[in-house]
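Colleague: Quick one: the structure is below, questions incoming.
The values are calculated or read from the model by the stated rules, or taken from the named source; none is laboratory data. Everything numeric in this text was worked out from a predicted model, so none of it was measured. Cβ placement follows ideal geometry from the backbone for every residue including glycine, while neighbour counts extend to all protein chains displayed. Just the protein is used for accessible areas: all its heavy atoms, side chains included, with ligands, DNA and RNA removed. Shrake-Rupley method; radii C 1.70, N 1.55, O 1.52, S 1.80 Å.
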Amino acid sequence: QVQLVESGGGLVEPGGSLRLSCVVSVTSFMIDSMGWYRQAPGKQRELVAKFTSGSSISYGEAAKGRSTISRDDAENTMYLQINALIPEDTAVYYCNVVVRRRLFDNPIAYWGRGTLVTVSS
């Protein structure tokens, strides 16, 4: 079973910062990757950052250089910090995990409901 619950979105002024949280609950699956994506109005969903192969991190072009992904395994929580926000960061931010039940099974992607971030003065 997989449950993802995001929080931390809202209205932020340009130049500000925010930290998103995702409580990740995964049972009976192996985790291939976990991370954050975003989807702006009228655009495709894009990678912000993700953990792969344990603690390796991959950043997408979205908010590159201004975002930091982190996790607290004791709290089953993943975070996304974004600094120097610009209006183009306005989007729904989604928590994602890719899991498989056994090593050679096909991977399955799960998504949270998303949290809206609006960057505006």
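Colleague: Find all pairs meeting these conditions: Cβ atoms under 7 angstrom apart; at least six residues apart or on different chains; first residue within the stretch 25-48 and more than 17 Å from residue 112 (Cβ to Cβ); second residue open to solvent by 50 Å² or more (accessible area, probe 1.4 Å) and in a loop (DSSP other than H, G, I, E, B).
Modeller: That search, which allows pairs on different chains as well, returns 28/1; 28/101.
Colleague: Counting just the residues of the stretch 84-100 that are under 15 Å from the mean Cα position of the chain (by Cα) and open to solvent by 10 Å² or more (accessible area, probe 1.4 Å), which one comes out farthest from residue 4 (Cα to Cα)?
Modeller: 90
Colleague: So residue 45 clears everything in (1) more than 14 Å from residue 97 (Cα to Cα); (2) in contact with an Asp or Glu (Cβ under 9 Å, 6 or more places away or on another chain); (3) open to solvent by 40 Å² or more (accessible area, probe 1.4 Å) except one condition, right? Which one?
Modeller: (2)
Colleague: Given the condition within 14 Å of residue 31 (Cα to Cα), open to solvent by less than 40 Å² (accessible area, probe 1.4 Å) and either not aliphatic (A, V, I, L, M) or not in a loop (DSSP other than H, G, I, E, B) (or both), answer yes or no: does some residue in the stretch 52-65 qualify?
Modeller: yes
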